[in-house]
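The values are calculated or read from the model by the stated rules, or taken from the named source; none is laboratory data. Please read all numbers here as calculations on a predicted model, not as lab measurements. No Cβ is skipped: glycine too gets one built from the backbone with ideal geometry, and neighbour counts run over all protein chains shown. The protein model used for the area step is the full one, side chains on, heavy atoms only, and it has no ligands, DNA or RNA in it. Shrake-Rupley method; radii C 1.70, N 1.55, O 1.52, S 1.80 Å.
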Amino acid sequence: MNNIKSDSSRLPRWYFGGLASAGAAFITHPLDLVKVHLQTQQHGKIGFVGQTVKIVKTEGFFGLFNGLSASLLRQLTYSTTRFAIYGKIKQQISPQGQPISFGQKLLTASFAGAAGNLVGNPWDMVMVRMQNDVKLPMDKRRNYKNVFDGLVRVMREEGVRMLFSGLYWNTARSVMMTVGQLCIYDQIKQMLLETGHFSEGLALYFTASFTAGAISTTMTQPVDVLKTRSMNAKPGQFRTPLHLIKYTAEVDGARAFYKGFVPRFVRLGPFTVLIFVFFEQLRINFGFDPPSVKK
């Protein structure tokens, strides 16, 4: 029992969230790539399996990992920032590691998500383009060699502002995603522990993170579709966020806002589970004790 108590009280280091998220992103990247293809197709009827087969036939198996370098760098910037801010504020509110209120978690997660997106938006923009490149005709492909080549070319050819295309949608998505993942995970984990039927361990982490993944997917799906389309749009194609919403609804119908929901949940569910399983193992094995329990 002492070991369980010690495991529960240990605090994470600021960079654990980025490391855990990068590991999860590496494993689930093919699912994210297929999701992007489904979201950006217009008048398309190709499903998840058909889209996967098409990518493999066109680009080979490793085509499923297009944009991986950008995805990893995004997690090492975006997720490191949001986890670090969320954890640091929680530690300031409760230095001994005691649970904070749901309202405090909600506000902290919202702020952390917005801050994380400011850092991660350029990498996300390049990642979306790299993932979607295979769908374009050969003469229209951008053919970024890697994430750094994509970053430099966007700045040189389209200007620095283009790296922040989709910022409005991505920030909204990031806030909701961070609330859905960090805040909801923390709250569900706390509630499960209070029932007395769960203790620190894989069953607790899996149950809390899977539920958080389902909630965050549902919350963020429409915004994720709009974010993806905004980042793939030509400069000036959409004048305002409302213009993008109207265009999407008129061209593809209301169902377009949930295009790619199934593959996104298939990806985001395991992604969220892996993040927190990795994160909790890092916290337990390499974290630190709060001042009150230091020996």
task = Go over the candidates 156, 129, 161 one by one and state the one that is basic (Lys, Arg), in a helix (DSSP H, G or I), farther than 30 Å from residue 202 by Cβ and touching a residue at least 12 places away in the same chain (Cβ under 8 Å).
result = 129
ask   = Which residues, taken from segment 210-246, are basic (Lys, Arg) and within 23 Å of residue 150 (Cβ to Cβ)?
value = 227, 229, 234
query = Quick one: in segment 165-182, which of the residues that are part of a helix (DSSP H, G or I), of a type outside the set (Val, Ile, Thr) and farther than 17 Å from residue 264 by Cβ is modelled with the highest pLDDT?
reply = 182
message = Any residue at all in segment 141-160 that's open to solvent by 10 Å² or more (accessible area, probe 1.4 Å), at pLDDT below 90 and either under 14 Å from the mean Cα position of the chain (by Cα) or of a type in the set (Gly, Ala, Ser) (or both)?
response = no
So residue 186, is it assigned to a helix (DSSP H, G or I), among the charged types (D, E, K, R) and more than 28 Å from residue 127 (Cα to Cα) = yes
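Can you pull out the residues in segment 186-195 that are closer than 21 Å to residue 10 by Cβ and loosely packed, with under 15 Cβ neighbours inside 10 Å?
Within segment 186-195, 190, 191, 194 qualify.
What about residue 236, is it under 30 Å from residue 13 (Cβ atoms) and either surrounded by fewer than 20 Cβ atoms within 10 Å (Cβ to Cβ) or of a type in the set (Gly, Ala, Ser) (or both)? Break it down into steps so the answer makes sense when it comes.
Details: under 30 Å from residue 13 (Cβ atoms): no; either surrounded by fewer than 20 Cβ atoms within 10 Å (Cβ to Cβ) or of a type in the set (Gly, Ala, Ser) (or both): yes.
No: the conditions fail for residue 236.
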ask   = Filtering segment 218-233 down to residues that are under 14 Å from residue 245 (Cβ atoms) and among the β-branched types (Val, Ile, Thr), which residue is most open to solvent (accessible area, probe 1.4 Å)?
value = 223
ask   = Is segment 91-104 home to any residue that is touching a helix residue (DSSP H, G or I) at 6+ places or on another chain (Cβ under 9 Å), free of Cβ contacts under 8 Å to residues at least 24 places away in the same chain, part of a helix (DSSP H, G or I) and surrounded by 14 or more Cβ atoms within 10 Å (Cβ to Cβ)?
value = yes
inquiry  = Let me confirm something: among 4, 27, 89, which residue is of a type in the set (A, V, I, L, M) and at pLDDT below 85?
reply    = 4
ask   = Has segment 177-185 got at least one residue that is in contact with a helix residue (DSSP H, G or I) (Cβ under 9 Å, 6 or more places away or on another chain) and open to solvent by 50 Å² or more (accessible area, probe 1.4 Å)?
value = no
query = With respect to the numbered conditions (1) more than 25 Å from residue 179 (Cβ to Cβ); (2) part of a helix (DSSP H, G or I); (3) free of Cβ contacts under 8 Å to residues at least 60 places away in the same chain, which one is the sole condition not fulfilled by residue 63?
reply = (3)
